Amino acid sequence: MSARGSSQEPSPVVAPWGKWDRVGIWIILGGAGLVALGSLVGGTSRVVQALTTGTHFLTMSVQTPLPAEADTGAALLLRGNYESAFVAVTNLTGGTTALLIASDMLGVVTATSVALSFVYLAWRLLKAMPFVRSLSIAFSIAGSVLALGSLVGQFLGGFGRWQVALELGPGGEETDPFWPLILTVDPAPIGFGFALLVVASAFYYGDRLSRETEGLV
């Protein structure tokens with residue numbers, strides 16, 4: 001009887017979340033959901049606005065010295081210049097428009113996919129079941145999209161801004177143009193994408209480990 005009784009006992013379960021633990025996870029879920037919604041709606045609105053009006057809002061690189069008004073106090077300004085300018089441009093060629101739109105669309109996809117992966121993670125945590133194959137797949141997709149999408153998106157946006165600078169005209173002197181042709185790449189999103197792939201591997205290992213230990217409990 002004791003052997004039969006012990007075999008019919010329910011398997012041990014993970015300790016449930018406390019009240020404030022669940023509140024914190026719900027806050028994370030809600031915040032990630034708002035980020036995903038904001039990225040999708042805001043990014044899509046910018047793309048639609050650019051396509052319908054032909055006006056693009058960009059941050060362009062500049063190398064313009066600061067005006068004399070920047071040095072009117074007791075401190076001595078040895079050197080200073082502007083590094084960027086926020087502009088609204090229109091009447092761009094089709095190729096330049098395509099580069100900018102493609103960059104914006106990749107930005108929407110990457111930001112939304114990463115935010116949604118954390119929404120799903122928070123949901124699985126509320127269910128006390130974080131080690132499932134679907135969560136590993138979600139983070140693998142988000143990490144891949146972020147690493148590759150951010151790299152491609154930055155190159156497309158950089159080349160698009162190059163074309164904008166060329167279409168606006170150099171301005172200034174020939175040896176010191178107002179719109180310099182500068183292409184910068186931010187490695188942070190790429191590194192974060194690889195970090196998400198590491199997290200996906202951890203969830204995959206946890207899923208395999210939980211499956212292997214199910215029969216031992």
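Working only within segment 109-146, note down all residues that are farther than 24 Å from SER210 by Cβ and crowded, with 20+ Cβ neighbours inside 10 Å. Once the filter is applied, which keeps residues that are farther than 24 Å from SER210 by Cβ and crowded, with 20+ Cβ neighbours inside 10 Å, segment 109-146 yields THR110, ALA111, THR112, SER113, VAL114, ALA115, VAL145, LEU146.
Restricting PHE192, PHE139, PHE155 to those that are within 27 Å of VAL48 (Cα to Cα), of a type in the set (Phe, Trp, Tyr) and in a helix (DSSP H, G or I) reduces the list to PHE155.
Screening ALA85 against (1) of a type in the set (A, V, I, L, M); (2) part of a strand (DSSP E or B); (3) in contact with a Phe, Trp or Tyr (Cβ under 8 Å, 6 or more places away or on another chain) leaves a single unmet condition, (3).
For segment 59-69, state whether one or more residues are open to solvent by less than 60 Å² (accessible area, probe 1.4 Å), under 23 Å from the mean Cα position of the chain (by Cα) and closer than 23 Å to TRP162 by Cα. Yes, segment 59-69 contains at least one residue that is open to solvent by less than 60 Å² (accessible area, probe 1.4 Å), under 23 Å from the mean Cα position of the chain (by Cα) and closer than 23 Å to TRP162 by Cα. The requirement of being under 17 Å from LEU106 (Cβ atoms), of a type in the set (Gly, Ala, Ser) and in contact with a strand residue (DSSP E or B) (Cβ under 9 Å, 6 or more places away or on another chain) is not satisfied by ALA85.
Residues in segment 15-56 that are loosely packed, with under 11 Cβ neighbours inside 10 Å and not in a helix (DSSP H, G or I) were compared, and the one that is modelled with the highest pLDDT is GLY18. For ALA102, the conditions (1) closer than 27 Å to TYR205 by Cα; (2) in a helix (DSSP H, G or I); (3) open to solvent by less than 40 Å² (accessible area, probe 1.4 Å) all hold with the exception of (1).
The values are calculated or read from the model by the stated rules, or taken from the named source; none is laboratory data. None of these values were measured; they are calculated from a predicted model. Glycine gets a Cβ as well: all are built from the backbone with ideal geometry, and neighbour counts include every protein chain shown. Only protein heavy atoms, including side chains, enter the accessible area calculation; ligands, DNA and RNA are left aside. Shrake-Rupley method; radii C 1.70, N 1.55, O 1.52, S 1.80 Å.
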